[in-house]
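Asker: Sharing a structure, written as structure tokens. Questions coming.
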Amino acid sequence: MEEDYYQVLGVGKNAAADEIKKAYRKIAFDHHPDRNPGNKEAEQRFKKAAEAYDVLSDPDKKKRYDQYGIEGLKGTG
């Protein structure tokens, strides 16, 4: 089951771009593999946050995600 990208970053669906970026940076800093060597859970959290940020920071991807969920990102449009 896919996680909700907003929950991954800990922001609301109406979060502004700067709020999304700030939340991502905090998670990325706290869970970066270089700061947590050998910690697979931290590595997974870091990867999931990067994936969420990739979608939520791109206005087109965010719009498709908001409208269709994760499935909206898998198709060609």
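The values are calculated or read from the model by the stated rules, or taken from the named source; none is laboratory data. Keep in mind that this is a model prediction, so the values were computed, not measured. We place every Cβ from the backbone using ideal geometry, glycine too, and count neighbours over all the protein chains shown. Calculation scope for accessible area: heavy atoms of the full protein, side chains included, ligands and nucleic acids excluded. Shrake-Rupley method; radii C 1.70, N 1.55, O 1.52, S 1.80 Å.
Asker: Taking R0 as 22 Å, what FRET efficiency do you get between Ser57 and Asn36 from their Cβ-Cβ distance, rounded to the nearest 0.05?
Answerer: For R0 = 22 Å, the calculated efficiency reads 0.40.
Asker: Rounded to the nearest 10 degrees, what's the angle between the helix 40-56 long axis and the longest principal axis of the chain, both from Cα atoms, 0 to 90?
Answerer: The angle comes out at about 30 degrees.
Asker: Treating only the Cβ of Lys, Arg, Asp and Glu as charged (+1, +1, -1, -1), what charge dipole size does the chain show about its Cα centre? Round to the nearest 20 debye.
Answerer: For the chain, the charge dipole is close to 140 debye.
Asker: At 1.4 Å probe size, with no ligands or nucleic acids counted, give the accessible surface of Ile70 in Å², nearest ten.
Answerer: In the full protein context, Ile70 sits at about 40 Å².
Asker: Another one. Exactly which trypsin sites (Lys or Arg not before Pro) in the chain are in a DSSP loop and have at most 16 other Cβ atoms within 10 Å?
Answerer: Passing both the DSSP loop test and the Cβ count: Lys13, Arg35.
Asker: OK, next. Taking only protein heavy atoms and a 1.4 Å probe, what accessible area per residue, in Å², does the chain have with all protein chains in place?
Answerer: Ligands and nucleic acids excluded, the result is 72 Å² per residue.
Asker: Oh, and also: Residues with beta-carbon under 12 Å from that of Ala17, excluding Ala17: net charge, scoring Lys, Arg +1 and Asp, Glu -1?
Answerer: For residues surrounding Ala17, the net value is 0.
Asker: For helix 59-68, what angle does its Cα long axis make with the longest principal axis of the chain, in degrees from 0 to 90 and rounded to 10?
Answerer: Helix 59-68 sits roughly 70 degrees off the main axis of the chain.
Asker: Also, quick follow-up: Sum -39500 (n - 2.57) across every DSSP H segment of at least 4 residues in the chain, then divide by the residue count to get the 222 nm mean residue ellipticity, nearest 500.
Answerer: -19500 deg cm²/dmol
Asker: Tally up the carbon and sulfur contribution to the accessible surface of the chain as a whole percent, 1.4 Å probe, everything protein left in place.
Answerer: Of the solvent-accessible surface of the chain, carbon and sulfur hold 48 percent.
Asker: Suppose the Debye formula is applied to equal point scatterers at every Cα of the chain; what is log10 I(q)/I(0) at q = 0.21, 0.22, 0.25 Å⁻¹?
Answerer: -0.89, -0.96, -1.13
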